[in-house]
Amino acid sequence: MAGGNNIARMSPRQRMINLMYIVLTAMLALNVSSDVLNGFNQVHEGLHRTNLNMSAKNEVQFGYLEELYKKNPVKAGIWYEKGRKLRTESEALFSTIDSLKRAIARKADGPEGDFNNIINLDDLEAASVTMLNPASNKGKMLRSRVESFRDHVASLISDSAKREAVRSILSTDVKNKPGTIGATSWEEKMFDNMPAVAAVTLLTKLQNDIRQAESEALSNLITNIDIGDVRVNELNAYVIPNSNMVMRGGRYTANIVLAAIDTTQRPDVYVNGSKLANDRGLLELTAGAVGNHEYSGYIEVARGDGSLDRRPFSSSYTVIEPMATISPTMMNVLYAGIDNPISISVPGVAMNAVQASMSNGSLTRTGDHWTARPGKVGSEAVISVTAQIDGRPQSVGSMTFRVRKLPDPTPFIPIKDAQGNTVHYKGSPKKISKAALMAAEQLGAALDDDLLDVSYSVVSFATIFFDSMGNAIPEVSNGAAFSPRQKEQFRRLKPGKFFLISDVKAKGPDGITRDIPPMQVALN
């Protein structure tokens with residue numbers, strides 16, 4: 001918008017447009033400011049929830065420290081006193097910050113102001129007047145309290161990295177912005193010309209930092225008590241077997257240990273009156289007779305005064321016969337001419353340690369899956385399984401199967417349903433439309449009885465139509481496709497009529513060509 005004498009030369013309409021532009025720009029600026037202030041409100045709510053969670057966590061930690069003190073006042077006393085003092089200082093500083101947030105809210109909104117729901121979010125005087133007033137110096141007082149609390153917490157943390165992290169989050173150091181003349185204090189940076197909602201949010205963030213620092217210090221105090229010593233008031237012997245089930249010929253392995261054992265002083269382990277030859281408590285027995293086997297013993301460990309502490313133990317293991325699980329996954333018998341999926345496993349033995357072979361056919365393996373392809377129909381096929389047990393092969397079982405010829409398939413006409421999917425029409429009593437019949441190209445045959453899903457190739461077939469006098473009109477097709485003469489007969493069929501498909505010959509994957517039952521095709 002031009003200034004000076006140019007304004008006088010503007011028409012009233014142009015002046016109004018320019019004035020509206022200025023008002024609109026101001027309104028946009030106000031909207032951005034409102035969004036930012038509302039963002040501070042959301043951040044404050046999130047920090048408040050985090051503070052509640054951190055306070056609950058610190059309460060649990062201090063409660064655990066207090067419990068350890070009650071169990072062992074001598075050992076935990078010094079750390080409990082430090083934790084109690086830390087809690088007192090933390091609560092006092094947290095409460096002080098709450099009172100400062102309350103004062104800022106009341107300065108901005110009046111005596112009923114609530115820092116969790118500030119109305120005048122953009123009040124730029126409330127924080128400055130409350131925290132930077134030279135008469136009260138509340139900002140300077142807060143900085144001093146934070147620095148004192150920071151140094152106290154840092155003195156309670158032994159880990160240097162965590163100690164420096166606490167010093168960093170509670171730091172009151174201020175770096176001047178470029179172009180700033182003179183030093184800027186921490187409280188001036190925090191509260192000078194700061195909207196009320198932003199100042200309250202920063203104070204809530206400070207409370208969050210205080211809770212974080214308190215949590216680190218409490219964790220360190222608990223660690224210093226040496227919790228491990230508290231947990232070894234009771235010693236027990238434990239038998240830890242690799243497995244309680246052992247195959248005959250295999251080895252039973254178990255670790256016999258004393259809880260919270262001192263690695264500088266290994267205990268002596270006695271089993272059935274004999275001392276173990278190793279100092280690791282490793283028991284190894286050769287599994288002999290099938291059945292349950294029990295053993296017992298004791299562990300001896302030296303006490304601090306030189307006396308021996310004896311802890312008894314007992315356990316047992318079961319020896320079972322080696323076994324294999326062999327089952328056909330697709331059927332209860334093996335069918336010649338096709339791949340029969342077989343599941344083979346040995347309980348307790350890794351799959352890569354299992355081997356198998358088959359008589360009257362071949363047995364192949366792909367990963368953990370097996371495929372049996374039997375040979376002669378009418379003969380038996382035996383699958384035998386061996387497994388590597390303790391480094392040597394051992395026979396673990398076998399199963400005998402009868403080899404049968406594949407069953408005869410069923411003829412069908414592949415047609416499209418209402419959704420465009422190919423379905424098998426297997427004849428009456430179901431009926432099909434003439435359009436579906438005309439669209440069909442060939443005859444199919446398959447074995448799909450929910451146990452087997454095997455496709456066959458149609459070698460030849462015949463269709464038999466009937467004229468108005470009842471005379472049969474046969475048409476033969478060499479192959480699976482409908483011949484032109486058969487298609488012409490389809491075209492002549494009237495609704496409600498039927499015809500027969502007979503003399504169907506189909507060849508299966510076993511190479512056998514067989515005659516299969518006829519089917520009747522009925523039109524709607």
* To do: With label points built 7 Å along Cα→Cβ from the Cα atoms of R492 and D173, find their separation and express it in nm.
  => 10.5
* List Y270, Y238, Y252, Y335, ordered by accessible area with a 1.4 Å probe, largest first -> Y238, Y270, Y335, Y252
* Whole-number D in µm²/s for segment 339-421 (Stokes-Einstein; Kirkwood sum over Cα pairs; 4 °C, 1.567 mPa s) -> 84
* Asked: Mean projection of the alpha-carbon convex hull of segment 418-481 over all orientations, in nm²?
  -> 6.0
* Roughly what % of Cα-Cα distances in segment 64-178 sit above 20 Å, to the whole percent? -> 60
* Once the Cα gyration tensor of segment 460-513 is found, what semi-axes does its equivalent ellipsoid get, as square roots of 5 times the eigenvalues, in whole Å, sorted largest first? -> 26, 11, 9
* Structure fact -> In whole Å, largest first, the alpha carbons of segment 378-524 cover along the principal axes 80, 34, 24
* Rg and Dmax of segment 140-210, using alpha carbons, in Å: what are they? -> 13.7, 40
* **16 Å reach of a label modelled at H152, 7 Å along Cα-to-Cβ, counting backbone N of segment 56-87** => 79-87
* Subtract the Cα-Cα distance of V74 and N255 from 0.36 nm times their separation in residues, and report this length gain in nm to one decimal. => 61.6 nm
* Asked: Tell me which lysines have Cα within less than 20 Å of K430's Cα, excluding those fewer than 8 residues away on the same chain?
  -> K416, K494, K497
* Computed Rg/Rh of segment 83-140, alpha carbon atoms with Kirkwood Rh -> 1.08
* Between V129 and R404, what is the spin-label point distance in nm, taking each point 7 Å from the Cα along the Cα→C-beta axis? -> 9.8
* When the label point is put 7 Å from the Cα of D159 along its Cα-to-beta-carbon vector, which residues of segment 64-83 have a backbone N closer than 12 Å? -> none
* How far, in nm, would the chain grow between I464 and S345 when pulled straight, counting 0.36 nm per residue and subtracting the alpha carbon separation? -> 37.5 nm
* Asked: With the radius of gyration and the Kirkwood radius both derived from the Cα set of segment 378-421, what is their ratio Rg to Rh?
  -> 1.45
* Just the Cα atoms of segment 47-112, one point each, no solvent: what log10 I(q)/I(0) does Debye give at q = 0.16, 0.19, 0.21 Å⁻¹? -> -0.67, -0.81, -0.89
* Asked: Label A289 and E91 with points 7 Å out from Cα along Cα→Cβ: what is the distance between them in nm?
  -> 7.0
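The values are calculated or read from the model by the stated rules, or taken from the named source; none is laboratory data. These figures come from a predicted structure and were not determined experimentally. For neighbour counting, all protein chains shown are included, and Cβ atoms are generated from backbone atoms with ideal geometry for every residue, glycine included. Ligands, DNA and RNA are stripped out before the accessible areas are found, and what is left, the full protein with its side chains, is counted by its heavy atoms. Shrake-Rupley method; radii C 1.70, N 1.55, O 1.52, S 1.80 Å.
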